[in-house]
1. List the strands (runs of 3 or more DSSP E) inside the stretch A:134-214, counting only whole elements, that have at least 2 residues being within 9 Å of RNA strand B (Cβ to nearest atom).
2. Take the residues in the stretch A:115-133 that are assigned to a helix (DSSP H, G or I) and within 9 Å of RNA strand B (Cβ to nearest atom); name whichever of them is nearest to A:Pro186 (Cα to Cα).
3. Could you say whether any residue in the stretch A:79-96 is touching a strand residue (DSSP E or B) at 6+ places or on another chain (Cβ under 9 Å), more than 8 Å from RNA strand B (Cβ to nearest atom), of a type in the set (Ser, Thr, Tyr) and more than 30 Å from A:Thr11 (Cα to Cα)?
4. For the stretch A:65-105, give me each residue that is free of Cβ contacts under 8 Å to residues at least 40 places away in the same chain and small (Gly, Ala, Ser).
5. Within the stretch A:437-477, count every residue that is of a type in the set (Gly, Ala, Ser), within 10 Å of RNA strand B (Cβ to nearest atom) and outside any helix (DSSP H, G or I).
6. What pairs come up if the first residue lies in the stretch A:364-382 and is buried (at least 19 other Cβ atoms within 10 Å of the Cβ), the second is charged (D, E, K, R), and their beta carbons are under 8 Å apart, counting only those six or more places apart or on different chains?
Amino acid sequence: MDEPMSDAVITRFAPSPTGFLHIGGARTALFNWLFARATGGKMLLRIEDTDRQRSTPEAISAILDGLSWLGLNWDGDTIYQFARAERHRQVAHDMLARGRAYRCYATAAELDEMRERATAEGRPPRYDGRWRDRDPAEAPAGVEPVIRLKAERDGETIVDDIVQGRVVIPNKDLDDLVLLRSDGNPTYMHAVVVDDHDMNVTHIIRGVDHLTNAARQIQIYRALDWVVPQMAHIPLIHGADGAKLSKRHGALGVDAYRAMGYLPEALRNYLVRLGWSHGDDEIFSTEDMTRLFTLPAIGKSAARFDVAKLENVNGHYIRTTGNEQLLETIEQALPHLPAGPAFLAAWTDEFRRRFLKALPGLKERAKTLNDLLDMASFMVAPRPLRPDEKAARLLDSDGRDRLSAIVPVLESISPFDAATIEARLKSHVETTGMKLGQIAQPLRAALTGRAMSPGIFDVLEALGQSESLARIKDQAA
RNA sequence: GCUCCCGUCGUCUAGUGGUUAGGACACCAGCCUUUCACGUUGGGUACACGGGUUCGAAUCCCGUCGGGAGCGCCA
């Protein structure tokens, strides 16, 4: 190991563009990003598109979009693995020349049979190495060979992992993996090693599902006499029921979380706590995370994805974000939210101003941006409102009478702001010997169509005097 | 089947031989209150099981059970 100690940290996030950026991938990216930030290093992005059939441009842009939305920026240009195929071929042929790899002419049918027999005999399904030492002169005509690694057969391979510790894999359980396919294109296993080396990656941070791959890749490094990067295999995220998070099982793309009204900083905060901890701390600003994050503090056991916790964290960030900033966040999110169109249609400067006034009352009650918009839907609801069941009950004859009685009071209020309205309404309530709730609830029902809403004085102000009166008259009649 | 990894409240976790096993989310109850939230006070709930080692184990060892991952010319 002649790795210079002065080397700056270089991590990489290496997704395969066969689908969206799911929550597990997002966390892997986050950990890579945090570690790079925490150490003053760099995070590179490499798209693993050597599977030409399954890689799509749509998936690539979804991944890039997802990372950008999450605020996980990468250093340098995005690297596309397939573009480096020539280099991969060159390395494989070099290994061939040095006797560390060999051509294998086994057919797919032979391979299948090999696996079937091994399974039947209770052995692990492995390639048996039949072309390992065979004379290429015996090669059957018309079969394009693959190039396989001449793997070590005895002993064991040790993965010295920052998270998993020292993991020992018997070499007999590793077979001669394919480096180059018969069409001359590299396999993932080979491309990863060559690229990580060429990109000077110092730390490989990825899911534990790659742990046994790590042993195979280490053998390739050794065949190449290359320095093996540090590795950190992080635990996976499971669904709420403990089952693996798969596409059909709750593993949504990060774009789905954006559409559900989660804030990127909330998602980051939630995600970083899945597997990583820092004492009893729960809330971490981005600055906190990048300062405190370390690899050894990552646990080894898988975590379940808990929406309730995510919602709580999200609510925390909604509540604590400044009004003007939150408003800008909402404006940016609107195109992605289900309720977006209704608000976009109403979004004039005047509306924006009133929305901002209503925001403090709104954000206190929302766990997601969608909650917030739902709570604010009275602002864009067309007259006459159709009260829901509970609201309708508040608008019985007593309630309507009280509303009628309040109309002249409201008409006389100027300026029509929350503080003035509150003062006038409270004195009205006092003189009539009622409780505030007796007037507030019917008002709420008439103004919002619901039995719950932000503070009623704020609602009045947000709606404005004429709209408020109109809504009250709609119901009081 | 084989190899590897994991196992503290329902969930995320703190804990590294001596703690009344802590925090957070969720849940229940009270307070606050114009509703709902927020806030606040209090409450119940956990060391998978069985053996060791030790004066003493959530912490160390072994086994069992449970969960997960990997075993492709996918990544």
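The values are calculated or read from the model by the stated rules, or taken from the named source; none is laboratory data. This one's a predicted model, so the numbers in the text were calculated from it and none came from an experiment. Please note: Cβ atoms are built from the backbone with ideal geometry, for glycine as well, and neighbour counts cover all protein chains shown.
1. Of the strands (runs of 3 or more DSSP E) lying wholly inside the stretch A:134-214, those with at least 2 residues that are within 9 Å of RNA strand B (Cβ to nearest atom) span A:146-149, A:156-161, A:165-170, A:178-180.
2. A:Arg115
3. no
4. The answer is A:Ser68, A:Gly76, A:Ala83, A:Ala97.
5. So the count comes out to 3.
6. Note: pairs meeting the criteria are A:Lys367/A:Glu311; A:Thr368/A:Glu311; A:Asp371/A:Arg365; A:Leu372/A:Lys363; A:Leu372/A:Arg365; A:Met375/A:Arg365; A:Phe378/A:Arg450; A:Met379/A:Arg354.
Residue-wise test of (1) modelled with pLDDT of 95 or more; (2) within 13 Å of RNA strand B (Cβ to nearest atom); (3) buried (at least 20 other Cβ atoms within 10 Å of the Cβ); (4) among the aliphatic types (A, V, I, L, M).
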| position | (1), (2), (3), (4) |
| --- | --- |
| A:Ala243 | no, yes, no, yes |
| A:His249 | no, yes, no, no |
| A:Tyr270 | yes, yes, yes, no |
| A:Ile298 | yes, yes, yes, yes |
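For (1) crowded, with 20+ Cβ neighbours inside 10 Å; (2) out of contact with any Cys (no Cβ under 6 Å at 6 or more places or on another chain); (3) farther than 29 Å from A:Phe284 by Cβ, each residue gets a yes or a no:
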{"residue": "A:Ala8", "(1), (2), (3)": "no, yes, no"}
{"residue": "A:Leu21", "(1), (2), (3)": "yes, yes, no"}
{"residue": "A:Thr50", "(1), (2), (3)": "yes, yes, yes"}
{"residue": "A:Gln53", "(1), (2), (3)": "no, yes, yes"}
{"residue": "A:Thr56", "(1), (2), (3)": "no, yes, yes"}
{"residue": "A:Leu67", "(1), (2), (3)": "yes, yes, no"}
{"residue": "A:Gly76", "(1), (2), (3)": "no, yes, no"}
{"residue": "A:Tyr80", "(1), (2), (3)": "no, yes, yes"}
{"residue": "A:Leu96", "(1), (2), (3)": "no, yes, yes"}
